[in-house]
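Structure first, commentary second.
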C-alpha cells in the first residue's frame, strides 16, 4: 500500500506526542490543493500498488475545504482515505459548519473521530491549546446531531487511573459509536521527548483493568499489549537474540509520502521525511511513479536510520536498562527509537523548512 499525506492546512493543536509534527502551518492554496489531487491521481495511474491519500492536518480549517472534498471524491486511480480524525476546532469556529459537514456527508464521508487525552485540564495541557477539549466535545455532539458516526480515541496516559470518572462522564455525554484505546508511540523527531512525563506504565494498565472491561474492551489483552511494548520486554527480547539488524531488515509492506503546503512531495510521513521528490505540480507522473515504486518501504524504523550508524545491540540494551522498565511505548519499534534517542544516535530525517519559512 502507498499512502500520500496531503497537508492542505496546519493543525489547531500542538499535541506533545504528535508523530507528524502538527501545529500551525501555511495553508495550501485552494487551486494547488485541487491540482495536487489531480497529479496524485495521475501518478497512481502508473503505480502497481494500491494508492491512497489523506487530507491532513486539520482540513476542516481550510477556507475552501468544500471544493477540496469534491476533488477528493472525484479521483479515478487513487482513493481518498477519510479517517475523519479532527480536533474539532477547525470546524466549530466556522459560521458555515453545517454546510461543510453536509459536503462531507454528500460524498458518503459520514464517520468522524476525536481524541480525548483525559479530563479537560489535562487534555488542553497535552494538546497545548486552551479550549481544545470543549471544541472536541462540541464537535462530537454536533456530528451526532447530523446523523454521522462518532469514534473516540482515548490516548491513554499515566493520569487516566485518577481521571476515570471524568473521562467516563465525557463518554456518557458523547455516546460514541466506537471507542479506541491508543498508546502514543515514540518517533525520532522534534516532539520525541515532550510526551515522556505522561507515559503510562504496565501498572497503570493493570489498575485500569476493570475500567477497560466497562468499555467492553478485553482488559487481559490490553494489559498484555502494554507488557509487550514496555522497555523491559524489549530489552529482554534483544538480550535473547533479536538484534538490531534483524529488526531493521524486516519487511514493512507500506510506503508513506507527504505533500507539503508548498506542493513539494517527500518520501516519509509528515515530520519524518527522508527525501524530496520535487514539486508535485511539475513532476512527470510516470517518472515519479517509477521513483516511488523503487523506493524502500518506510512505515517503520528502517526509514529513519542508516545501518552504519546503529550501535551494537549490547550497547542499546544497556541504554534501555537506564529507562523505567515498565514504561509503555505502544509498540516495539517505539521502544527501540527511545533507546536510540538515549544514545543520541543520529537519524537521516531532513530539515525540510523552506527558505521562506526560515525567513
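Can you name the residue in segment 267-281 that is on the phi < 0 side of the Ramachandran plot and not in a loop (DSSP other than H, G, I, E, B) and, of all such residues, is farthest from the chain's Cα centre (by Cα)?
The selected residue is 279.
Per-residue answers, yes or no, for (1) closer than 22 Å to residue 13 by Cα; (2) part of a strand (DSSP E or B); (3) in contact with a helix residue (DSSP H, G or I) (Cβ under 9 Å, 6 or more places away or on another chain):
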site: 63; (1), (2), (3): yes, no, yes
site: 76; (1), (2), (3): no, no, yes
site: 83; (1), (2), (3): yes, no, no
site: 94; (1), (2), (3): yes, no, yes
site: 99; (1), (2), (3): no, no, yes
site: 122; (1), (2), (3): yes, no, yes
site: 129; (1), (2), (3): yes, no, yes
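Residues in segment 282-305 that are in a loop (DSSP other than H, G, I, E, B) and out of contact with any helix residue (DSSP H, G or I) (no Cβ under 6 Å at 6 or more places or on another chain): 282, 283, 284, 295, 296, 297, 298, 299, 304, 305.
May I ask you to say which residue of 284, 275, 279 is free of Cβ contacts under 8 Å to residues at least 12 places away in the same chain and in the same structural domain as residue 9 (by TED's automatic domain parsing)? The unique qualifying residue is 284. Does segment 238-248 include one or more residues that are surrounded by 14 or more Cβ atoms within 10 Å (Cβ to Cβ) and within 27 Å of residue 127 (Cα to Cα)? No: segment 238-248 contains no residue that is surrounded by 14 or more Cβ atoms within 10 Å (Cβ to Cβ) and within 27 Å of residue 127 (Cα to Cα).
Would you check which residues across segment 170-198 are in a loop (DSSP other than H, G, I, E, B), in contact with a strand residue (DSSP E or B) (Cβ under 7 Å, 6 or more places away or on another chain) and surrounded by 15 or more Cβ atoms within 10 Å (Cβ to Cβ) and list them?
Matches in segment 170-198: 176, 183, 184.
Can you give me the number of residues within segment 234-266 that are over 16 Å from the mean Cα position of the chain (by Cα) and farther than 22 Å from residue 27 by Cβ? So the answer is 20. Is it true that some residue in segment 52-62 is out of contact with any strand residue (DSSP E or B) (no Cβ under 7 Å at 6 or more places or on another chain), touching a residue at least 24 places away in the same chain (Cβ under 8 Å) and over 23 Å from residue 268 (Cα atoms)? Scanning segment 52-62 turns up at least one residue that is out of contact with any strand residue (DSSP E or B) (no Cβ under 7 Å at 6 or more places or on another chain), touching a residue at least 24 places away in the same chain (Cβ under 8 Å) and over 23 Å from residue 268 (Cα atoms). Within the set 63, 26, the sole residue that is surrounded by fewer than 17 Cβ atoms within 10 Å (Cβ to Cβ) and at pLDDT below 95 turns out to be 26.
Quick check: is even one residue across segment 306-323 within 16 Å of residue 20 (Cβ to Cβ) and not in a helix (DSSP H, G or I)?
No, every residue in segment 306-323 fails to be within 16 Å of residue 20 (Cβ to Cβ) and not in a helix (DSSP H, G or I).
The values are calculated or read from the model by the stated rules, or taken from the named source; none is laboratory data. The model shown is predicted, which means the values in this text are computed figures rather than measured ones. A quick note on method: Cβ atoms are made from the backbone with ideal geometry, for glycine too, and the neighbour counts reach across all protein chains shown.
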